[in-house]
1. Read phi for every residue in region 35-51 and hand back ³J(HN,Hα) as whole Hz from Karplus 6.51 cos²θ - 1.76 cosθ + 1.60, θ = phi - 60°, with x for Gly and Pro.
2. Expressed as a rounded percentage, what relative contact order does the chain have, with Cα pairs under 8 Å and six or more residues apart?
3. For the chain, which whole-number percentage of the solvent-accessible area (1.4 Å probe, protein heavy atoms only) is attributable to carbon and sulfur atoms?
4. Taking only protein heavy atoms and a 1.4 Å probe, what accessible area per residue, in Å², does the chain have with all protein chains in place?
5. Amide H to amide H, which residues 5 or more places from ILE11 or on other chains are under 5 Å from it, using H placed in the peptide plane?
6. Work out from phi, with θ = phi - 60° and the Karplus expression 6.51 cos²θ - 1.76 cosθ + 1.60, the ³J(HN,Hα) of each residue of region 16-29, listed in order in whole Hz, and give x for Gly and Pro.
Amino acid sequence: MLTTYYVAGKIGFEGLFPYGAGQEFYLKHGVDVYPESVVVALDAKQKVAHAKSGLEIRYDQCLVATGATPVLPLIEALAQTGCTP
């Protein structure tokens, strides 16, 4: 959400991370991160995530972050640079 402010020069690079960057944020807030663990099942009643590797991750709270896909608008200038949607 802060990218537009950064691109406009209103904030510096550090301003993109108001809550900390990298491991700093996770350590400060007690967050366990398993970025390479593909979850294949989630048992919300028992509060357990089951990873493809067989790892079972017990949790108090769970955030499911599935990622995103960028959308390129149909702008002629983008097509001229080789960027196509």
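1. x, 9, 9, 7, 7, 10, 7, 10, 9, 5, 5, 8, 6, 9, 9, 10, 8
2. Working: 55 pairs, mean separation 10.0, N = 85.
It rounds to 12 percent for the chain.
3. Working: 4470 of 7740 Å².
Solvent-exposed carbon and sulfur of the chain make up 58 percent of the total.
4. On the way: 7740 Å² over 85 residues.
Per-residue value: 91 Å².
5. TYR6
6. My calculation for region 16-29 gives 6, 10, x, 9, x, 10, x, 4, 3, 4, 5, 5, 4, 9 Hz in order.
The values are calculated or read from the model by the stated rules, or taken from the named source; none is laboratory data. What you see is a predicted model; the values in this text were computed from it and never measured. With ligands, DNA and RNA removed, areas are computed over all heavy atoms of the protein, side chains included. Shrake-Rupley method; radii C 1.70, N 1.55, O 1.52, S 1.80 Å.
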